[in-house]
Amino acid sequence: MAIIEGGGLLSEFKGRFGNAVIYKLNGKTVMRTLPFGKRKKAQGKQKQYQGDFAWVMKHMQRVKPFISQGFFHVAEGRSPFHTALSVNLKRYREAGMPASPEWLLLSQGNLAGVNDLDLDKPENGTIVLRWGNPEAGTMSAADDVAMVLALNSRTLNSTRETSSVNRSAGQLTMRLPEIEKGDEVHFFITFRNLFHPTYRKSPNEISTSQWVGKVVI
């Protein structure tokens with residue numbers, strides 16, 4: 001970028017002039033050169049990186065409300081969404097870039113998850129999720145609230161269940177998202193302690209999400 005001082009022909013000119021654009025900025029005439037030729041298309045690793053980013057972003061945009069809660073306590077000055085994007089991009093690659101979303105992480109924290117996750121057979125557009133005891137060695141409480149998301153891997157339509165069902169209940173019934181025959185629906189669960197002082201933004205308030213499993217309709 002160059003600033004043209006004084007008078008002269010170019011000081012009164014605005015617009016494109018050869019490979020340069022001349023315009024006014026803060027009362028001064030400015031000339032900026034344009035790049036030669038067209039930008040090269042991404043190739044190799046750069047192209048793969050762009051593809052990975054687009055695939056992960058596509059999934060995350062469809063479950064953004066859940067992620068906004070799930071990564072709120074570990075964002076550390078960044079937005080929860082962008083924090084989750086970095087984590088999930090890494091997980092997607094480490095998982096071998098699968099087509100199905102088992103790699104997707106909806107929350108991150110120190111609260112206990114659960115053992116013995118299981119799914120009943122869907123009936124009348126609903127399904128029952130079951131779980132066992134809390135994971136050992138981490139904090140938990142009987143009144144931790146279960147948060148569940150069901151995700152159609154073809155359409156990325158989802159349903160969320162964030163009701164008052166507690167950890168101690170051991171099960172939760174929820175609606176399936178819009179589905180067609182042959183669709184895969186994946187289920188994820190997180191637990192949250194609503195009585196923890198949220199103003200501290202402590203990761204002790206929420207568990208790291210778990211992939212429960214999938215059903216084929």
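Within the stretch 148-164, the set of residues being under 19 Å from VAL216 (Cβ atoms) and touching a residue at least 40 places away in the same chain (Cβ under 8 Å) comprises VAL148, LEU149, LEU151, SER153, LEU156, ASN157, SER158.
Screening the stretch 175-189 for residues that are crowded, with 19+ Cβ neighbours inside 10 Å and not in a loop (DSSP other than H, G, I, E, B) and picking the one that is farthest from the chain's Cα centre (by Cα) gives VAL185. Can you spot a residue in the stretch 105-112 that is over 12 Å from the mean Cα position of the chain (by Cα), modelled with pLDDT under 90 and either among the hydroxyl-bearing types (Ser, Thr, Tyr) or within 28 Å of GLY170 (Cα to Cα) (or both)? Checked the stretch 105-112: no residue is over 12 Å from the mean Cα position of the chain (by Cα), modelled with pLDDT under 90 and either among the hydroxyl-bearing types (Ser, Thr, Tyr) or within 28 Å of GLY170 (Cα to Cα) (or both).
Note on the stretch 58-99: residues that are in contact with a strand residue (DSSP E or B) (Cβ under 7 Å, 6 or more places away or on another chain) and either buried (at least 18 other Cβ atoms within 10 Å of the Cβ) or at pLDDT below 90 (or both) amount to 4. Of all residues in the stretch 108-130, those satisfying the criterion of being in contact with an Asp or Glu (Cβ under 6 Å, 6 or more places away or on another chain) and outside any strand (DSSP E or B) are ALA112, GLY113.
Restricting ALA141, ALA136, ALA146, ALA150 to residues that are part of a loop (DSSP other than H, G, I, E, B), in the same structural domain as PRO98 (by TED's automatic domain parsing) and surrounded by 13 or more Cβ atoms within 10 Å (Cβ to Cβ) narrows the list to ALA141.
Here is a check on your reading of the model: is LEU194 under 25 Å from the mean Cα position of the chain (by Cα), within 17 Å of ILE67 (Cβ to Cβ) and not in a strand (DSSP E or B)? Criteria not met by LEU194.
The values are calculated or read from the model by the stated rules, or taken from the named source; none is laboratory data. Bear in mind that the values here come from a model prediction, so they are computed numbers and not experimental data. Methodologically, a virtual Cβ is constructed for each residue, glycine included, from the backbone with ideal geometry; neighbour enumeration extends over all protein chains shown.
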